[in-house]
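Take a look at the structure set out below.
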Amino acid sequence: MSDMESHRTGQDTIETPGTAKGQTIRRGGGDPGTRGRTTIADGVVEKITGMAARDVAGVHAMGSGMSRTFGAVRDRVPGGTKSGVSRGVKAEVGEKQTALDLEIVVEYGVSIADVARDVRENVVAAVERMTGLEVVEVNIAVSDVKLPDEEDEEPEPRIK
């Protein structure tokens, strides 16, 4: 190596011209993957939670009847505020932890206790895997039971 060249000898260590052999200059602040801060919006956690909850057998829908009706209308309006996937989900996100509140509708005939347990397990696994946040609690409110002969409460579209 000439006096004008420099090369990497370690992860954050370089030798430069003018340093004694074996003497190094440290740059940066350790592992590059830990430099800076990552923030995750509440809406991101709400979407992940909504998708994970819907994947559980026995969950018919998310949200109360009224929120589903208004949500269906809101989804058809351009610029609607909350996406359908996060309907019925509220997340409080901190720097390292999150707490979740879910409102679900279950299918008639399923064990509500089993569905709630499965929803908790699926939501915690998905949120912790995707965000790295610790899920401290998942509160579930069962707002309705979907009976086999009930129609869905989605309003008819005005335009066909």
**Report entry** One residue from Gly58, Gly50 being open to solvent by less than 20 Å² (accessible area, probe 1.4 Å), in contact with an Asp or Glu (Cβ under 8 Å, 6 or more places away or on another chain) and modelled with pLDDT of 95 or more
**Finding:** Gly58
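Just to be sure, is Gly28 open to solvent by 50 Å² or more (accessible area, probe 1.4 Å), over 30 Å from Val105 (Cβ atoms) and at pLDDT below 80?
yes
Table: residues versus (1) modelled with pLDDT of 95 or more; (2) farther than 29 Å from Glu151 by Cα; (3) of a type outside the set (Lys, Arg); (4) open to solvent by 50 Å² or more (accessible area, probe 1.4 Å).
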site	(1), (2), (3), (4)
Gly71	no, no, yes, no
Gly79	no, no, yes, yes
Lys82	no, no, no, yes
Val106	yes, no, yes, no
Report task. Considering (1) at pLDDT below 95; (2) open to solvent by less than 50 Å² (accessible area, probe 1.4 Å), say which one Val127 fails and leave the rest. Result -> (1)
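What tally of residues in the stretch 31-47 results from selecting those that are within 16 Å of Asp101 (Cα to Cα), open to solvent by 50 Å² or more (accessible area, probe 1.4 Å) and either of a type in the set (Asp, Glu) or more than 8 Å from the chain's Cα centre (by Cα) (or both)?
Qualifying residue count for the region: 2.
The values are calculated or read from the model by the stated rules, or taken from the named source; none is laboratory data. What you see is a predicted model, and the numbers here were worked out from it, not measured in a lab. No Cβ is skipped: glycine too gets one built from the backbone with ideal geometry, and neighbour counts run over all protein chains shown. SASA here: full protein model, heavy atoms, side chains in, ligands and nucleic acids out. Shrake-Rupley method; radii C 1.70, N 1.55, O 1.52, S 1.80 Å.
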